[in-house]
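Working notes, beginning with the structure itself.
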Amino acid sequence: MTFTTKSKEARIFFEQGIAKYDRARPKEATALFQQALEADPNFAMAHLFRGLAGDSVPHIRKAAEMAKKVTEPERLFILSWKAQVDSQLLKAAEQMEQAVQLLPAEARLRMRLAVLYNATNRRDEAVAELKRAIASDPKFAPIYNLLGQIHITSGNFAQAIEARETYARLLPDEAEPYQALAHTYQQKQQFDKAVEYYTRALKIDPDYINVYRRRGDAKFFAGDIA
């Protein structure tokens, strides 16, 4: 997908930010998206991802204000997020369907559409969309995390574990995939395995505060109350 900006410097910061965002490093991504905006304050997609990474609705709305100046797939992607912020999930899904029609090989767009299908109780369609995304880009790691979550919701733990094992295999040096895999085992009530992967996540990122609590819960249910 094209990211519309006239600034080479802004594009470099943005692409670095996307790489961090896709590796579940929102704080680092936020800083890079902010640098992209300092280089080009009119960079609509940088506003959007600055909002997504930093949980900032005003940035998402700002991106929507600038959506007339970007390519059509970008515009639809941005407006879909704006619609979600406005609690218009069906409208958001319709906009993403249009975006996917324009760029059917773009895995990021298909994943976004899958998120919206899942949010509107269309899980089978969400899974089908994710499988198409994988066919387009099998190394796009975030797909597998979402696929795992959908399978958990459906009670398909074997498939959820398979998806999140792939997620961890694609990002072996990141904490988030192991945290996600640990959560999957915890949902399956395999608490020893959950503790194992929470511990692995903490070895990579000792500052991942929420994982300490989750590991504590898993240890308790595993019978380890020391």
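The values are calculated or read from the model by the stated rules, or taken from the named source; none is laboratory data. Predicted model, so just to flag it, every value in this text is computed and none were measured. Backbone-built Cβ (ideal geometry, glycine too); neighbour counts: all protein chains shown.
For the stretch 123-138, the criterion of being surrounded by fewer than 17 Cβ atoms within 10 Å (Cβ to Cβ) and touching a Leu at 6+ places or on another chain (Cβ under 7 Å) is met by none of the residues. Scan the stretch 203-226 residue by residue and report those that are acidic (D, E), part of a loop (DSSP other than H, G, I, E, B) and surrounded by 14 or more Cβ atoms within 10 Å (Cβ to Cβ). Correct list: D205 only.
For the stretch 168-182, a residue qualifies if it is surrounded by fewer than 22 Cβ atoms within 10 Å (Cβ to Cβ) and not aliphatic (A, V, I, L, M), and the qualifying residues are R169, P172, D173, E174. The lone criterion from (1) assigned to a loop (DSSP other than H, G, I, E, B); (2) closer than 18 Å to P104 by Cα; (3) of a type outside the set (S, T, N, Q) left unmet by E129 is number (1).
Just a yes or no: is a residue in the stretch 87-101 more than 18 Å from the chain's Cα centre (by Cα) and in contact (Cβ under 8 Å) with a residue 40 or more places away in the chain? Among the residues of the stretch 87-101, not one is more than 18 Å from the chain's Cα centre (by Cα) and in contact (Cβ under 8 Å) with a residue 40 or more places away in the chain, which makes the answer no. Kindly establish whether M96 is touching a Ser or Thr at 6+ places or on another chain (Cβ under 7 Å) and farther than 30 Å from D173 by Cα. In short, yes. When the stretch 73-111 is filtered for residues that are among the charged types (D, E, K, R) and surrounded by fewer than 24 Cβ atoms within 10 Å (Cβ to Cβ), the ones remaining, listed by number, are E74, R75, K82, D86, K91, E94, E97, E106, R108. Looking at the structure I just gave you, is S87 at pLDDT below 95, of a type outside the set (D, E, K, R) and more than 23 Å from K6 (Cα to Cα)? No; evaluated as a whole, the condition is false for this residue.
If only residues of the stretch 142-189 that are free of Cβ contacts under 8 Å to residues at least 40 places away in the same chain and among the charged types (D, E, K, R) are counted, the one that is nearest to I18 (Cα to Cα) is D173. Looking across the stretch 5-29, the residues that are within 21 Å of the chain's Cα centre (by Cα), surrounded by fewer than 22 Cβ atoms within 10 Å (Cβ to Cβ) and over 19 Å from M111 (Cα atoms) come down to R11, I12, Q16, K27, E28.
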